[in-house]
Structure formats: structure tokens, C-alpha cells
1. For A:ASP171, work out the one condition from (1) of a type in the set (Asp, Glu); (2) closer than 21 Å to A:VAL284 by Cα; (3) modelled with pLDDT of 90 or more it doesn't fulfil.
2. Take A:ALA482 and decide whether it is open to solvent by less than 50 Å² (accessible area, probe 1.4 Å) and within 14 Å of another protein chain (Cβ to nearest Cβ).
3. With the structure loaded, tell me whether B:THR205 is open to solvent by 40 Å² or more (accessible area, probe 1.4 Å), farther than 22 Å from B:ASN87 by Cβ and touching a Pro at 6+ places or on another chain (Cβ under 9 Å) or whether it fails that test.
4. For the range B:74-87, enumerate the residues that are basic (Lys, Arg) and either within 11 Å of another protein chain (Cβ to nearest Cβ) or within 24 Å of B:VAL135 (Cβ to Cβ) (or both).
5. Of the residues A:VAL124, A:VAL174, only one is touching a residue at least 40 places away in the same chain (Cβ under 8 Å) and closer than 22 Å to A:VAL211 by Cβ; which?
6. Can you pull out the residues in the range A:447-479 that are in a loop (DSSP other than H, G, I, E, B) and away from every other protein chain (no Cβ under 14 Å)?
7. Considering only residues that are within 14 Å of chain A (Cβ to nearest Cβ) and touching an Asp or Glu at 6+ places or on another chain (Cβ under 7 Å), look in the range B:52-73 and name the one that is nearest to A:ALA383 (Cα to Cα).
8. Do the conditions hold for A:ALA73, that is, is it closer than 30 Å to A:VAL329 by Cα and open to solvent by 50 Å² or more (accessible area, probe 1.4 Å)?
Amino acid sequence: MRRNVVRSRSHFVFAGIGLVVGSATLAFFLALSGGAREKILNRLYPVNQVEFQIETVRLFGLGIEVPSRLDEATLAALRGLPGVAGVYPKQRTKFPARLWGGRDVLGYEARLEAFLDGIDPVLVRDELRAAEREVLGAEEGRTVYWSAFRDREGERRIACELSNAAAQTGDDAVAIRGTVTDGADRKPCPEGTYCAATNVLSARGFCEAPVPALVSPFLLEVYNSVAATAMGLRKLSGLEVMLGVQFAVLFGESYFAPDERVDRRVVKRARIVGFSNKAMEFGVTVPLPYVERANLALRGREEASEYTSVIVETHRNEDVPAIVDDARVLGLTLSPRSEEGRKAANVLLVLTIVFAMVSVVILGISAINITHTFLMLVTERRAEIAVWRAVGATLLDVRLLVLGEALVLGLAGGASGLAVAYGLSRAANAAASGVLAHVPGSPSDLFVFSLPVIAAGVACAVLFAVVGAWVPASRAARTDPATVLSQG
Amino acid sequence: MSGTPMVRVEHLVKRYPAGALPRPALDDVSVTVARGEFVAIVGRSGSGKTTLLNAIGGLDRDCAGVLEVDGRALARMGDRELARMRNRGIGFVFQAFHLLPQLTVLENVMLPASFDDRGALPTARGRAGDALARVGLSDKAAVPPTRLSAGEKQRVAIARAILNRPALLLCDEPTGNLDAETGRNVIDIFLELAAKDGTTLMIATHEGRVAEAAGRRVVLAAGKVVEG
């Protein structure tokens with residue numbers, strides 16, 4: 001067979017071009033689709049997680065009891081749905097707040113209205129760890145941030161006092177640590193904590209660790225592309241520079257809305273410990289208990305027990321549609337973010353199918369080409385086939401010998417196609433790197449050449465080569481040895 | 001099985017599709033060939049010699065009548081069984097040699113082993129070397145057949161035919177493309193095969209010298225046996 005392939009190499013090269021192009025196209029787009037799904041879409045919109053919020057449009061007259069609140073009862077109902085692996089409520093602060101800080105990183109002190117979202121730390125733990133490892137490397141020998149994203153107010157409470165109430169809004173690192181009032185030894189609050197006064201009028205409070213906060217990579221992108229450009233500020237090179245940045249949040253005061261009563265205003269110190277696509281895009285995301293406690297303190301029990309949205313994690317991706325339907329009965333609808341995710345996934349699926357179909361058409365054309373080439377080869381080699389038959393080849397042997405050559409052609413075409421696709425993907429990455437360099441958290445490689453992609457590239461090339469050679473193989477098997485060998 | 005003839009042909013009729021020939025290519029042919037016999041099938045061009053050999057070798061199955069080789073009816077054999085018989089029990093030698101130019105001489109001789117379902121390939125090289133030695137071409141094993149003379153090519157074809165030591169050798173005008181001396185050498189090889197191995201030989205020829213070497217002549221004319 002090897003000799004025959006070598007002997008007919010010019011025919012095979014010609015016939016194999018279509019296979020190379022087809023399998024390269026297929027592998028390129030499948031790898032790109034896989035990359036888009038795994039490195040972008042799944043990070044933004046995990047396929048086994050959907051976010052629901054209270055349906056804003058009420059359906060009257062259908063006899064469906066639409067809850068007016070997303071509370072613990074609704075969460076319990078969601079937990080009881082088949083296919084649900086986890087239910088993670090989110091709550092947003094329901095009072096005005098403003099923040100300031102970031103001088104070390106930004107070069108000036110940013111002053112912003114503050115919006116805080118509370119999420120269950122369990123939901124983002126693995127993601128935070130992976131993201132931090134991606135930008136800072138292995139955890140040994142460096143500060144670890146992600147593990148701080150948890151509720152730390154339950155830790156041992158140490159009473160403290162500030163030199164005066166105004167100290168809590170200043171930026172003197174020593175002053176805000178205050179002095180421990182428990183015991184006779186008057187020391188500052190422990191390293192890494194500050195003295196959190198009970199309100200802005202008071203100098204007394206408890207030593208607390210800063211509120212662990214997450215930011216969205218999107219926020220950095222907006223800052224770099226809009227704010228920094230417009231205001232002539234320093235651009236941030238990467239997400240890692242934000243880790244550890246501290247800022248202050250004043251609950252109850254706003255740049256836009258009426259302030260809370262002064263005795264209800266509280267200053268909290270916060271520290272960025274990670275970044276996540278699940279974080280609020282224009283705001284700060286903190287562990288849920290912080291938001292619940294703040295809402296309880298400023299808005300009361302009723303408001304503190306109602307959630308803004310809920311993320312439902314499913315056991316399997318296939319469970320999502322049924323859960324979406326069931327959640328609708330509970331008066332929940334997909335959040336705009338999840339709706340976007342579904343639409344993006346559908347668009348990606350359609351594009352993948354379209355490009356796969358294009359590849360299949362190319363492979364189909366190459367199969368026709370292979371049919372013609374092999375018919376020609378079989379005709380040229382009638383005498384050889386007749387000799388095979390004379391020395392003991394069965395009809396099946398003849399058919400398999402021809403199909404075996406097609407198989408070799410398919411393997412070679414598929415492997416070459418994969419190599420071409422890989423080369424094109426490197427070129428595409430290089431071309432995209434200039435654009436994506438400004439997008440924080442964007443993948444350096446847009447493609448995923450997984451085993452299924454490689455297998456699909458080679459298998460399709462082999463399949464179409466064999467299909468193309470099927471008719472010639474049958475014709476070869478029908479070669480009449482008596483006639484051919486008698487002709488001389 | 002030793003009592004049964006090697007070849008038994010009775011009332012064999014072969015017709016080509018309408019228009020190809022005005023008469024049957026073989027018309028009620030009956031021939032019996034004993035084991036170890038050397039039979040020459042003689043007749044003019046178009047008399048049916050090649051058709052008869054092709055039918056006996058199972059290369060042409062579209063015939064009516066009784067056709068048995070080594071006691072087995074070819075009509076009852078499936079493709080696999082027939083192919084196995086051609087591989088192990090029957091050797092073919094053609095006028096045009098039909099060697100594969102992309103293979104070396106040795107590889108051409110080894111070709112039947114490629115289709116031998118007994119796993120004979122590992123021993124094929126040695127057997128092919130022996131077969132080449134028997135036809136005096138050991139020194140040509142590594143060369144392509146395109147570099148051989150006509151006589152040498154025919155000897156390679158004989159070596160290929162005897163690789164699996166078949167009981168029956170069917171030769172179609174084996175000396176047709178050879179000069180007189182080379183032809184004599186080829187006939188000598190056949191005679192030696194018949195003498196040493198007891199191989200049954202059926203040689204289709206229109207050359208008198210070949211027919212004279214055979215123990216029996218079967219004469220065909222217009223598809224009928226007219227003698228033998």
C-alpha cells in the first residue's frame with residue numbers, strides 16, 4: 001500500500017488538498033468555538049449557572065401565584081426543584097453610600113458613589129483562586145488574597161476607640177487602627193484590622209478586618225478605556241495591580257441622593273481581594289452577610305430579608321431549560337445577564353454549526369474529487385487488481401486495499417489540516433493580541449484544540465476520504481480478472 | 001482425495017454477452033486431468049483455451065456445467081473459499097507475466113502470501129527466496145521487474161505461482177512472448193516442477209514444442225474439444 005501511495009503521490013496530493021482545507025476549516029472553527037465557549041462565554045455565563053430575578057411583568061388571570069418577593073421561602077422552593085445543585089442568593093445595598101480611596105494605584109484619591117452587591121463566597125471561591133493564580137502564579141511565598149473573601153465580622157470582637165470620631169474618615173493608617181480598650185495594655189487594633197466605629201459620630205467600636213471586596217474585570221476595562229483616557233489618568237496595566245487596594249465606604253451618605261440620619265452613617269474600610277465576572281460591573285461585590293447586616297441596620301428586617309437575584313447551579317447543563325420553566329412558575333425570570341448568556345450561547349452554537357457546515361461542504365467536494373481520482377487510479381491499476389485476485393485476494397481484500405489507501409490519504413489530509421488550523425490559530429492569536437491587550441482578563445489564546453476537536457478534524461477527513469473512495473473500491477472489486485489478465 | 005482427478009470438467013458452456021461472439025466460447029467441453037498430469041491445451045487463437053483455464057482457475061465463474069478442482073465443485077464455493085483455493089491450490093502463469101512494476105522481484109514472488117489468511121507472511125521471504133532459486137533468479141531478488149528480460153520475467157511469474165506449492169499450475173501461453181531458447185528453458189522448469197513436486201500442469205499453447213513436452217494434448221476448436 002505504501003508503494004502505491006508513493007507511486008500515485010501526485011494524484012493523492014491533488015485529491016488531498018480538499019481534505020486539508022476542509023479539516024483545517026473544521027478544526028479552526030471548532031477550536032475557536034471551543035475557545036470562545038470555554039475561555040469567554042463560560043467565564044461570563046457559566047452554562048450550569050443561571051441567575052433569576054423577580055419577574056417585573058405580572059401575568060394576570062392565569063391562576064399563577066406570582067410571589068412579590070425573592071425571599072427565603074422562594075429560595076427554599078428553588079432548592080426543591082429537580083436538577084438544582086445549589087442556590088446562591090444575591091442582595092444589593094438598599095441605601096446610599098459613597099467610597100473613596102485607591103491613591104496608591106490610581107495616583108489620586110477616587111471618590112465615587114458606592115453600589116455594593118452581596119454574594120455567597122462559596123460561589124466564587126474556586127474561580128477567585130484560579131484567577132489569582134493565573135495572574136500571580138503559585139501561592140507559595142506570596143500574599144494570598146482570595147481566601148480573605150469570607151465573612152470576617154464573626155471573628156473575635158475586640159473593643160477599640162479612635163482618637164476622635166473624625167479620624168475614621170481620614171487616611172492616616174495609624175489613626176484608623178485606633179486603640180484597643182479591652183484590658184490595661186492600650187495597643188492599636190491587630191495588624192490588618194482597623195477600628196470600626198459604630199457610626200460617624202462615635203469614636204468607639206470594634207477592631208475589624210477590612211470588608212473583602214471583588215471587582216469586575218469589566219470595571220477595569222471601562223476605567224482604562226473611558227475614565228483614564230478622558231481624565232488623563234494613569235492606566236492600570238492589569239488586574240493584579242488592584243489586589244490589596246484599600247478604600248473606605250461611608251454607608252448612608254451619597255453624592256446624589258439624600259443622606260441617612262447622621263447617627264446611622266457608618267464608615268467601613270474595604271480591601272480588594274479578587275476579581276470575578278460574577279462581580280457587579282459598576283460597583284463592589286462583598287460577601288453576602290455584610291450587605292444583609294448593612295441593609296438590616298439601615299433599612300430594617302423586611303428589606304434585609306429580600307434578595308435582589310439568585311444564582312441557581314444545576315447538576316447538569318441539560319437541567320437548565322427545565323429549571324428556567326419551573327422558576328417562571330415561582331415568579332422568577334432570567335436576569336438580563338443570564339438572558340444575554342443564553343443568547344450568546346445560541347449565537348455561538350449557530351455560528352459553529354454554520355462554519356461546520358461550510359467545512360462539511362468543502363469536505364464533501366473533496367470527497368467527490370477523491371471519487372474521481374480513485375476511479376482513475378482503479379482504472380489505471382486494473383491489471384494489478386486482477387493479479388491480486390489471481391493470487392488469492394477476495395473481493396473484500398480488494399475493497400479494503402483501496403479503502404486503506406483512502407484511509408491513509410484521510411489521515412494525512414486530516415493531520416495536515418490540523419497543522420494548518422493550528423498555524424492559522426497562532427496567527428489569529430497574534431493578530432488579536434494587539435486588540436485584546438487592552439481588555440483585562442482576556443485570554444491570550446482564543447482557541448482550544450481539545451481532543452474532541454483533533455479527533456473531529458482527523459475523523460471527518462478520514463470519513464470523507466473513505467466515503468469518496470467507496471464507489472471506486474466497489475468498482476475495483478468488480479474488476480473481472482479473467483478479462484483483464486487475458487488482455488495482456 | 002488421491003483417487004479423484006485434479007480437474008474434472010463436464011459439459012462446460014461459456015457464453016459471452018450477446019454480440020461479443022457469434023457462438024459459445026466453450027461449447028459442451030468435458031476434460032478430466034489426473035493428478036501430476038501435464039496437459040497441453042492446444043488450439044488456434046479464439047478456440048477457447050484461455051477461457052477454459054480461467055474457468056478452471058475460478059477467475060471466470062459465469063459458466064454452466066460441472067467444474068471440479070481437487071474434488072471440489074467451484075460453483076458451490078463462495079468468494080472467500082475460491083480465493084483461498086487460488087491462493088494455496090492453484091498457480092497462474094500468464095503470457096504477459098503480469099508482474100507489479102512498483103515491487104521488487106522478491107516482493108512480486110511474495111505477493112500471494114499477502115493474501116494468505118494462515119498468517120504466512122513471516123515465512124514468505126524465505127519461501128520466495130527458495131522459489132526464485134528454483135527458477136535460477138536468486139541474484140535478481142532486489143531488482144524491479146522492469147530491469148529483467150522477458151524470459152526472466154516469466155521465470156519470476158513462475159516463482160510467484162509456485163510460492164505456496166500449488167497442486168495445480170495453470171499457464172496461459174507461457175512461452176508466447178519468449179524466444180525459442182528462453183521458451184525451452186521455461187518448459188524445462190515446468191517439467192522439473194511436474195517431476196519433483198508432482199504438480200499438475202495445464203498449459204494453454206499454440207506452440208508445437210510445448211505441446212510435445214506435455215504428456216497429453218487436448219485440442220480445442222471453436223470452443224469444442226476435438227481431441228483428447
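1. Condition not satisfied by A:ASP171: (3).
2. yes
3. Judged against the criteria, B:THR205 is not a match.
4. Those that are basic (Lys, Arg) and either within 11 Å of another protein chain (Cβ to nearest Cβ) or within 24 Å of B:VAL135 (Cβ to Cβ) (or both): B:ARG80, B:ARG84, B:ARG86.
5. Just a single option satisfies the conditions, and that option is A:VAL124.
6. A:PHE447, A:VAL448, A:PHE449, A:SER450, listed by residue number.
7. B:ASN54
8. yes
The values are calculated or read from the model by the stated rules, or taken from the named source; none is laboratory data. Keep in mind it's a predicted model, so treat the numbers as computed, not measured. So basically every Cβ, Gly included, is an ideal-geometry build from the backbone, and we count neighbours across all protein chains shown. Only protein heavy atoms, including side chains, enter the accessible area calculation; ligands, DNA and RNA are left aside. Shrake-Rupley method; radii C 1.70, N 1.55, O 1.52, S 1.80 Å.
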